[in-house]
Amino acid sequence: MAVADKAASPAGQATPDLLIAGAGVSGLWLALKATRAGLSVTLVERGNPGGGASGGFLGALMPHSPERWNGKKEFQFRALVDLEDEIARLESETGVPCGYRRVGRILPLTSERGRITAIERIPEAQANWGEVFGYTVHHTPDRGDWPNILRAPHGVVHETLSARISPPGLLEALLTGLAVMPNFDFRLGVELVELSATGKLARLSDGSTVGFGHAALANGIDAFPMIARLAGLPAHSVGGGVKGQAALMDAGAPPDLPLVYDDGVYVIAHENGRVAVGSTSENRFDDPQATDERLDEVIKRARKLCPLIKDAPVIRRWAGVRPRAVGRDPMLGPVPGAPGVLAMAGGFKISFGIAHRMADCLVAEITGEAGPETPQSFAVTSHLAKAAEQPAKS
Ligand SMILES: Cc1cc2nc3c(=O)[nH]c(=O)nc-3n(C[C@H](O)[C@H](O)[C@H](O)COP(=O)(O)OP(=O)(O)OC[C@H]3O[C@@H](n4cnc5c(N)ncnc54)[C@H](O)[C@@H]3O)c2cc1C
């Protein structure tokens, strides 16, 4: 196993095999997978776990559409398939329910063109998703008005690969799993301030300097300026954030209802009868945490889409900023020119479905053991090439 020496760091602390910045879904899965693999891990989180984009409650685990198959779609498909077993193991190790269920998804068809396209996708779904998961087109939804038949004048697609999870449940399970790991050191309220490009040293906000075998930037939107700096590119060229707003309702909904997704609106019934609806997509925003009339509009559309939630009271409104890398795919793997530094960022709208597999890739990178193949479009070099093509911002 290619791990670092346990030599003392400049601050006199033991040098971890892996230093991780950020305790969102990415950093927590990475920490768990790395400690399971026997690596010593220090995780620094500047606020609270789930204090970034992972602090929401939507939890949709939806595949990309099955046509024009590529490495990214294959990676996400494998991740969604494997997550069921990953969650079963995590729940049995920790006793913490993650609110996972493979409920499938309904997509209303609002035009004849959409219906024809959906029918054309059936053989591609069969070829790429295999026989276990269905992708079928129906005249009406088979769960009454979930969604409202009036919103599906040309029928519905019903696929059985999608699932949902409780984001707070998953984070709690990951934290519980990590708490019993003897090779895990959690430093809350501590920020990674700077990484040295050459010396495998990290400067932290508590004034200490820590050496590392590897360091992983799993710190959401804040990973991008750090990676840009290491690559000698402008701070905002490597990625940024897209704000999203969501609401949670007390609906008494059956927990086996499929996800409904229509033109940017998600409706997701969870285990406890609650229904999450989302999301806005805002490239420009002043307050990343404020909710406003854009969310009211999403709620209105969701209520029309699924009459079951027509009168359900909204019990929480939330906003967060999704990390999106310049290449639009997740950013994963070694940062060129910075020995030992790894990126795990840019999961955008799909992190909850793929973070465990992204973590497997990085653990394999560190240990030299076999792991899943990282799609070329995820590589930091691919993103940096795109960043270098961007016109300079003033
Ligand atoms: C409204 C909305 C709905 C969404 N719905 C879904 C969905 O249904 N399904 C899905 O899969 N995804 C969804 N997403 C996207 C998903 O939430 C994100 O992709 C995911 O949370 C990103 O996780 P992360 O761990 O990479 O980053 P984050 O969760 O942002 O975590 C980064 C962490 O790093 C910490 N940090 C930052 N800088 C430093 C530093 N220098 N040192 C130490 N710590 C630092 C932050 O405090 C934070 O805790 C949604 C997002 C939004 C906003």
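The table below gives the values:
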quantity: Rg and Dmax of region 133-233, Cα atoms only, in Å; calculated: 23.3, 63
quantity: nm² value of the averaged projected area, convex hull over the Cα atoms of region 205-362; calculated: 11.8 nm²
quantity: Region 30-105: proportion of alpha-carbon pairs further apart than 19 angstrom, %; calculated: 56 percent
quantity: Carbon + sulfur, % of accessible area of region 260-306 - ligands and nucleic acids excluded, 1.4 Å; calculated: 39 percent
quantity: Cα-derived Rg over Rh, computed across region 63-118 with Rh taken as Kirkwood radius; calculated: 1.14
quantity: Solvent-accessible area per residue for region 86-127 (1.4 angstrom probe, square angstrom); calculated: 51 Å²
quantity: Among 366, 335, 354 - extreme Cα towards positive end, dipole of region 266-366, charges at beta-carbon; calculated: 354
quantity: Two-decimal Rg to Rh for region 79-204 - Kirkwood Rh, Cα set; calculated: 1.19
quantity: Rg over Rh [alpha-carbon atoms, Kirkwood Rh] for region 245-316; calculated: 0.97
quantity: Estimated D of region 217-267 in µm² per second, where Rh is the Kirkwood radius over Cα pairs and Stokes-Einstein applies at 20 °C, 1.002 mPa s; calculated: 149 µm²/s
quantity: Between 0 and 90°, nearest 10: helix 293-305 axis offset from the chain longest Cα axis; calculated: 40 degrees
quantity: Estimated [θ] at 222 nm from DSSP helical runs (n ≥ 4, -39500 (n - 2.57)) normalised by residues in the chain, nearest 500; calculated: -9500 deg cm²/dmol
quantity: Whole-number D in µm²/s for region 348-394 (Stokes-Einstein; Kirkwood sum over Cα pairs; 25 °C, 0.890 mPa s); calculated: 195 µm²/s
quantity: Lysine pairs with alpha-carbon atoms under 14 Å apart, the chain, spacing 8 or more or separate chains; calculated: 5
quantity: Lys/Arg +1, Asp/Glu -1 at C-beta; region 78-126 dipole; positive extreme among 118, 104, 81; calculated: 118
quantity: Cα-only Debye scattering, region 94-157: base-10 log of I(q)/I(0) at q = 0.17, 0.25, 0.26 Å⁻¹; calculated: -0.66, -1.05, -1.09
quantity: For region 270-394, accessible area per residue (1.4 Å probe, heavy atoms of protein chains only), Å²; calculated: 48 Å²
quantity: Calculated diffusion of the chain, Stokes-Einstein form, Kirkwood radius summed over Cα pairs, 10 °C and 1.306 mPa s, µm²/s; calculated: 73 µm²/s
quantity: Euclidean distance between Cα centres, region 211-256 to region 72-94, Å; calculated: 21 Å
quantity: Student exercise, the chain dipole from Lys, Arg, Asp, Glu Cβ charges, in Debye to nearest 20; calculated: 700 debye
quantity: Dipole magnitude of region 253-394 about its Cα centre (Cβ charges: Lys, Arg +1; Asp, Glu -1), debye to nearest 20; calculated: 380 debye
quantity: Compactness of region 277-394 as Cα Rg over 2.2 N^0.38 Å, two decimals; calculated: 1.40
quantity: DSSP bridge orientation in the chain - percent antiparallel, rounded to nearest 5; calculated: 70 percent
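The values are calculated or read from the model by the stated rules, or taken from the named source; none is laboratory data. Just so you know, these numbers come straight off a predicted model, no measurement behind them. For neighbour counting, all protein chains shown are included, and Cβ atoms are generated from backbone atoms with ideal geometry for every residue, glycine included. Surface areas here come from the heavy atoms of the whole protein model, side chains and all, with no ligands, DNA or RNA. Shrake-Rupley method; radii C 1.70, N 1.55, O 1.52, S 1.80 Å.
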